[in-house]
Amino acid sequence: MIAETLNPQILTVLDHHYQELAIDGKDVIEGLNKKHKTLSPKYFYDDRGSLLFEEICDLPEYYPTRTEASILQQYADEIAAITNCCELIELGSGSSTKTQLLLDAYQKIADNCRYLPIDVSGGILKTSVLQLQEKYPDIAIHGLLGTYDQALVHLESNYLQSRMLFFLGSSLGNFNPEECDGFLNQISRTLQTGDYFLLGIDLQKPKDILEAAYNDSQGVTAAFNLNMLSHLNWRFQGDFDISLFKHQAIYNEVENQIEMYLHCQKSHWVTLEALDLKVFFEGGESILTEISRKFNLTKMSQQLESKGLKTIKTCTDEKGWFGLILCQVE
């Protein structure tokens, strides 16, 4: 049974083992009222957006997913051996496809592990929880539906056992430096001494490789970007005309980040009734929907250590395109 009413103060445990948390849209109001309009990448992930992202992960141009999976394939057993049996908590779990490499490794060393996937897409979360429970009957699996901030606050007050919190897919790159710093502070507060944090980061590389990954030839990333407007229409009773916007992703070499935009093709008004919001778009105006920062492995390890998250293992692919950092709270 899926809960119909979302209330951030009341978490209802559902019979398919996940909990729901609310999204209030205040960030949409703030972002669309800026001089240079922005939207949070969390709005990519309604059910259709999550499915489109799964398609993106299989595209020949989109290297991050398969590269990170290859690293996990090589190092999952070693990571499990280092951390031993603990509560596994994943931020932005999606379909949990790569995570199964970790679950396979932990299942080899213990029969009482617990996995807590966290995502903002209820449909894909429910599906993945049910599929994983069937595949891993000896692992307790309980999903939490909500944003990173909501989930981390919830976890702070619900400590059960030793933990490994993990954040794969270089989703950290969606945060600007200030947001990244605040997020890592929150991670540090959520974990206790001896707990672990596993972070996946996309590393710096040539512009042509990066731009091709976010402007694929089949147009799946464009559909994914534009679907954000459809999600806002559904969630907040909006009237975005998707045909009046066009996708583009560029690599900002100064900031070392991909910037993904929706460019308005014609001047018009947009209303989001549930937010009591009416916004005018000029022809040629853009909405920044995502940044995807590309990192330096050494500098990221240093930043983590400044938060009390000591690096105990780093893993990369042979090209040095992607990295995993395993940390422990000191």
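The values are calculated or read from the model by the stated rules, or taken from the named source; none is laboratory data. Treat the numbers as computed from the prediction; the structure is a model and nothing was measured. Here Cβ is always computed from backbone atoms with ideal geometry, including for glycine, and neighbour counts include all displayed protein chains. Areas reflect the complete protein model, heavy atoms only, side chains present, ligands, DNA and RNA absent. Shrake-Rupley method; radii C 1.70, N 1.55, O 1.52, S 1.80 Å.
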Going by what's in this entry, would Ile312 be described as open to solvent by less than 20 Å² (accessible area, probe 1.4 Å) and in contact (Cβ under 8 Å) with a residue 60 or more places away in the chain?
no
Per-region count, region 266-285, residues in contact with a Cys (Cβ under 7 Å, 6 or more places away or on another chain), surrounded by 14 or more Cβ atoms within 10 Å (Cβ to Cβ) and not charged (D, E, K, R)
1
Can you tell which of Thr67, Thr97 is touching a Phe, Trp or Tyr at 6+ places or on another chain (Cβ under 6 Å) and either in a loop (DSSP other than H, G, I, E, B) or open to solvent by 10 Å² or more (accessible area, probe 1.4 Å) (or both)?
Thr67
Going through region 282-309 in order, the residues found to be over 19 Å from the mean Cα position of the chain (by Cα), touching a residue at least 24 places away in the same chain (Cβ under 8 Å) and under 24 Å from Asn227 (Cα atoms) are Glu285, Ser286, Ile287
Any chance region 104-111 includes a residue that's in contact with a Leu (Cβ under 9 Å, 6 or more places away or on another chain) and surrounded by fewer than 17 Cβ atoms within 10 Å (Cβ to Cβ)?
no
Out of Tyr62, Tyr106, which single residue is aromatic (Phe, Trp, Tyr), more than 23 Å from Trp234 (Cβ to Cβ) and in a helix (DSSP H, G or I)?
Tyr106
Does region 45-56 include one or more residues that are open to solvent by less than 40 Å² (accessible area, probe 1.4 Å), modelled with pLDDT under 95 and out of contact with any helix residue (DSSP H, G or I) (no Cβ under 6 Å at 6 or more places or on another chain)?
no
